[in-house]
Amino acid sequence: MASSPLTGIMTDRPLLIRDILLHGERTWPEQEIVSVSGSGQRHRTTFQETFRRTRKLANVLADLAIRPGDRIATLAWNDYRHIEIYYAVACSGSVCHTINPRLPEEQITYIINHAGDSWLFASVDFIPLLEKILPNISGVRGFIILGNDGETSTIPLPGAIPYETLINPASDEYEWPEFPETTASSLCYTSGTTGHPKGVLYSHRSTVLHTLMSNIAATINLNEQDVVMPVVPMFHVNAWGIPYSAVMAGAKMVLPGPHMANGQLLQALIEEEQVTVAFGVPTIWLALVHYLESSDKRIDSLNRVYTGGTACPRHIMDTLLRVYGTDTVHLWGMTELSPLGTLNQAEKRTDLSYDEKMDLRCKQGRSAFGVEMKLKDNHGNPVAHNGKDPGILFVRGYAICSGYLGEGEESPNTSLHDSDGWLNTGDIATIDEDGYLQITDRAKDVIKSGGEWISSIELENLAMAHPNVAEAAAIAMPDGTWGERPLLVAVKKDNNSLDEQRLQEWYQGKLPEWMHPDRVVFINELPHTATGKVIKSQLRGQLETLLSQ
Ligand code: ADP
């Protein structure tokens, strides 16, 4: 007789974000959420009050005839009102679509129309932007403006309603509904350095699983003693999930509002609010370190920072640990992964010396629970995990998208996945015998010299370790003999006298000779995407001009 698996005899409760909210509110009603406004003032509230206002907002959404499945857009900073919108929209069955206000106007217009957003919550700061795009987003039925009474009383936008005016009279009684866990909860577009941005549509299930994955001890491990500061915007992959994981774990949240890359404000917040854990891209930590070095101020409460989005230069991690006692945990992730993929807890490796740990930290780390990784070559053959051979990185797991909004999201998207359903990340990487991932390039940015890949990230990190280099990008130049050779485009710190030859000499003994850049050119500023990544396609387009220098 053919045997079949036996079904477990357990209840089948849907995984809903509502349960994160209810748990946080019930267990830590007095836990604080501190937000910084545009003027720098601090607003203090609690989980209890935030979720009371969240219920009021849910009633407002119902009054505005917002229905399950509607996409509700936000153009907003990291603050308590944005938290209320996150939870009210998703937990009432609609979709919270966070938009990156730093994108070009045409992309914002495209995203709003592509998503079919029906209402838009916007911070007062973005009214000039809305006025410009208004004629092209006619599908949006109304605008709700986030700000204090004085700021929102005279809004020049037709039909706009101040947030506080709407929610003040609303009832705070609301029964959060139950629906299938596969219901969409939030939407985030990847900035896409090529083509149109693409919408990743998260579900309640993927969000709850991602929050659990983040909160276990082997990963981010927040708890009620923590004071967590996401310096990553809430419009960038849900601030890496912190608004959910902090509430689930009962951690105090410190939300810096529009003041993201302001080292002075970040230091003050860390010291005065006793921040223990913070999240952000390397540029943020660079700004903080610069301020600390120029001010002699300390960040003694800050136990660890999580850095991702782009490779973190060694010298930032070294300074933070050696001078300030703050550990850096290097993360790799993608919008498509919710975003957690890997993390590097080198500090826990008691078998390694300080320098060995520091070398290890430059890798992006081992996979988080719920994420599996494999490498393939250009022909689809497996690449060994030996720490040397690079391959195209594929992943599968619990919180990974199966397609993009409007592009066959119901079934695995074949160009995005291999035939076994693993997502092609578009990253080139090595994985060593201990499972540590090292991203060497984006597939579209690789430099192939004599058939061998040269890691542009390695060239850039070495350049940025030079005391006179502020930023660097390596790109391929066509070469008659080798196919391609590396060109390094560097920005000098404070316009010092560093020259091409001295920067080329810097690579001696640090990398095999054939990997050194053939040319180094200096530029005043590198072009960046809205999420801080260098736009290499633009640099490649300027190749002739760069080389004629
Ligand atoms: P975007 O910023 O373009 O909207 P994502 O935030 O999803 O999109 O970017 C994901 C990509 O960022 C990854 O595929 C990888 O190339 C890069 N990335 C993320 N974290 C790291 C890291 N720690 N080191 C190197 N590259 C990283």
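General remarks:
- Across segment 483-495, coupling constants 3J(HN,Hα) worked out from phi with the 6.51/-1.76/1.60 Karplus curve, θ = phi - 60°, read x, 9, 9, x, 10, 9, 9, 10, 10, 7, 6, 6, 6 Hz, and Gly and Pro carry x.
- Global geometry of segment 213-356, whether rounded, prolate or oblate, following the gyration tensor of its Cα atoms and the 1.5 cut on a/c: rounded
- Total charge dipole magnitude, segment 445-547, about the Cα centre, Cβ charges on Lys, Arg, Asp, Glu only, Debye to nearest 20: 180 debye
- Normalised by the number of residues in segment 393-549, the average gap of Cα pairs under 8 Å and 6 or more apart makes the relative contact order 14 percent.
- Simple spin-label estimate for Ser39 and Leu352 in nanometres, 7 Å along Cα-Cβ: 4.8 nm
- Just so you know, the Rg over Rh for segment 445-547 is 0.94, from Cα atoms, with Rh as the Kirkwood radius.
- Think of it as helices only: each DSSP H run of n ≥ 4 in the chain is worth -39500 (n - 2.57), and spread over all residues that comes to -8500 deg cm²/dmol at 222 nm.
- Simple spin-label estimate for Leu511 and Ser537 gives 2.4 nm between the two label positions (7 Å along the Cα-to-Cβ direction from each Cα).
- Surface accessible to a 1.4 Å probe, Val289 within the full protein complex, Å²: 10 Å²
- The length gained by stretching the chain between Asp518 and Glu544 to full extension, at 0.36 nm per residue less their Cα-Cα distance, is 7.9 nm.
- Solvent-accessible heavy-atom area per residue, rounded to whole Å², over the chain at 1.4 Å: 42 Å²
- Of all DSSP beta bridges in the chain, antiparallel share, percent nearest 5: 55 percent
- Relative to the longest principal axis of the Cα atoms of the chain, the long axis of helix 17-27 lies at roughly 70 degrees.
- Whichever lysines have a C-alpha closer than 27 Å to that of Lys198, once near sequence neighbours (fewer than 8 apart) are set aside: Lys132, Lys374, Lys376, Lys444, Lys533, Lys536
- On the chain, 50 percent of the accessible area sits on carbon and sulfur atoms, based on a 1.4 Å probe.
- Compared with the rule-of-thumb size 2.2 N^0.38 Å for a compact globular protein, the chain has a Cα radius of gyration ratio of 0.98.
- Between 0 and 90°, nearest 10: helix 80-91 axis offset from the chain longest Cα axis: 70 degrees
- Placing +1 on the Cβ of every Lys and Arg and -1 on the Cβ of every Asp and Glu, with nothing else charged, gives segment 1-111 a dipole about its Cα centre of roughly 200 debye.
- Charge dipole (the chain, unit charges on Cβ, about Cα centre) - positive-most of His43, Thr342, Val446: His43
- Protein-only accessible surface at a 1.4 angstrom probe places the residues Glu347, Glu181, Glu151 in the order Glu151, Glu347, Glu181, largest first.
- Across segment 233-246, computed HN-Hα scalar couplings (Karplus, 6.51 cos²θ - 1.76 cosθ + 1.60, θ = phi - 60°) run x, 5, 8, 10, 6, 6, 6, 6, x, 4, x, 8, 5, 5 Hz from first to last residue, x flagging Gly and Pro.
- Near the amide H of Gly309, within less than 5 Å, lie the amide hydrogens of Gly333, all on another chain or at least 5 residues away, with H placed in the peptide plane.
- Segment 171-277: relative contact order as a whole-number percent, Cα under 8 Å and 6+ apart: 21 percent
- Relative contact order of segment 279-349, taken over Cα pairs closer than 8 Å and 6 or more residues apart, is 29 percent.
- Listed peptides 225-235, 359-369, 317-327 appear in the order 225-235, 359-369, 317-327 once ranked by packing, highest mean of other Cβ atoms within 10 Å at the front.
- Label-point separation in nm, Asn468 to Val446, each point 7 Å along Cα→Cβ: 3.5 nm
The values are calculated or read from the model by the stated rules, or taken from the named source; none is laboratory data. Treat the numbers as computed from the prediction; the structure is a model and nothing was measured. Glycine gets a Cβ as well: all are built from the backbone with ideal geometry, and neighbour counts include every protein chain shown. The accessibility values were calculated without ligands, DNA or RNA, using every heavy atom of the protein model including side chains. Shrake-Rupley method; radii C 1.70, N 1.55, O 1.52, S 1.80 Å.
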